[in-house]
Each structure stands twice: as structure tokens, then as C-alpha cells.
Amino acid sequence: MIAFIQGTVQEKGKESILILTNSGVGYAIFMSVLDVAQIEKGSTVSLYTHLKVSENDMQLFGFTSFQQQAFFELLLSVKGVGPKAALRILSLGSLEEIQGAIARSDVKYLTAVQGMGGKTAERLVVELKSKVGVLAQSHDVDIDSEAMGEAFEALVSLGYNGNEVREVLKSLDFSQTSAHLIKQALKQLGR
């Protein structure tokens, strides 16, 4: 399975790019319109990928971050949302905006996606609201490190209040590993 790819952008379409790797193999990669717009032809890119295999075709989807790839795969778990629809959802805005819309049940925001009807948008909100609520909160934590984000998500999933966790994490040294941050936070939170 192709999970990550790095190469030079040879061609660029509206929703796809063609990457030539150092080994001389070219890959057509589908991406969100927003991501394709930011990529320059001739530039070197590194992308996380998702490979969809069907009877007649193989399609490669590319993402600029691991979080974007994980959210794409979460979108695919919803009945009626295929890879192209998931990419169109990612083209609505930043991950934080999209997850925020799902967390606050903003069906109107999601129906702006071409081909997304009200019923599918409602199903997406119902199935993902609880999963995205934690993610949306973690983006609101004014922290710069990935370890802090992981610690926040872990502590909230243990049942701690997001606001309390946020305040405790702000007081800690953010250069530590997520495991160390969780241990320090648990001491301050009383466990």
C-alpha cells in the first residue's frame, strides 16, 4: 500500500496533480481544490496518501498532513460519502472550519459540497459529531506542538473537561513527549 509519496510536480489539474518520483515513476494524485491551488508546478512535494482499489481502477488521494488524511478516512466511514465527495468536503475550508461545522451540526455548510444532499449531510453530522467534537476542541487549544494536541485528545477521551485540560496543558513544558505531558497533567488534574 502506498502511504506516503514524495516527488516533483509535473502537471497540475483542478483536483489532481501528476508527481514524478526520484525512481522515475509518475503518479496521478487526486487532492482537494484548495491544496492543488497552493502547489506550484515544478515544486517538490511530500504527501500522505490513501489508495482506493476497485475492480476496474486504482486511485491515489493525496494530503498535505497526516491529520487531513485521517479526517478523509473518517469521512469515508459515513455511508454515502465516497472519496470524491470527501475531497470536495475538504475543499470547503480548513480542517478546523469543517470539523467545527460538523460539531455544531451546520448542515447548510456541508450541503455547499457539489452532490451532497441534505440527507447525506445530516447523516455525516449524526455519525461524526461525537468523533469530531474532540478533534475540534483540540484545535482550539492554543498550543503549538503535536504532543500537546495528542495529550489534549487523550485526556478529554478519559472524561476530563476540555477547558480544565486546556488550562493545565498551557502551564506545562510543551517540548515534552505526549506520554510525559499526560502524566504531568493527570497529577495536576487529581488522578
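Quick note: the coordinates plus some simple rules give every number you see, no bench work behind them. Predicted, not measured: the structure shown is a model, and the values here were computed from it. Cβ sites come from the backbone with ideal geometry, for glycine too, and all protein chains shown count toward neighbours.
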Hey, if you put +1 on the Cβ of every Lys and Arg and -1 on every Asp and Glu Cβ in the chain, which of Gln99, Val81, Gln6 ends up farthest toward the positive end of that dipole? Val81
Proportion of all alpha-carbon pairs of segment 146-189 beyond 16 Å (%): 17
Which whole-Hz ³J(HN,Hα) couplings does segment 77-90 yield from phi under the Karplus relation 6.51 cos²θ - 1.76 cosθ + 1.60, θ = phi - 60°, glycine and proline marked x? 6, 8, 4, x, 10, x, x, 5, 5, 4, 5, 5, 5, 5
22 Å Cα-Cα reach of Lys12 towards lysines, excluding residues that sit fewer than 8 places from it in its own chain: Lys41, Lys52, Lys84
Which order do the peptides 59-70, 159-170 come out in when sorted by mean C-beta neighbours inside 10 angstrom, highest first? 59-70, 159-170
Using alpha carbon centers only, segment 1-55 is separated from segment 75-97 by a whole-angstrom value of 18
Per-pair calculated FRET efficiency, R0 = 25 Å: Asn56 and Lys119 via Cβ, rounded to 0.05: 0.35
When the convex hull of the Cα atoms of segment 66-131 is projected onto a plane and the area is averaged over all directions, what value comes out in nm²? 3.7
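Remind me, what semi-axes does the chain give for its equivalent ellipsoid, largest first in whole Å, using sqrt of 5 times each Cα gyration tensor eigenvalue? List each step's numbers first, then the result.
Values: eigenvalues 214, 100, 36 Å².
Computed over the chain, the values are 33, 22, 14 Å.
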When the Karplus curve 6.51 cos²θ - 1.76 cosθ + 1.60 is applied with θ = phi - 60°, which whole-Hz ³J(HN,Hα) does each residue of segment 10-22 get, with x for Gly and Pro? 8, 9, 9, x, 6, 10, 7, 9, 10, 10, 9, 7, 4
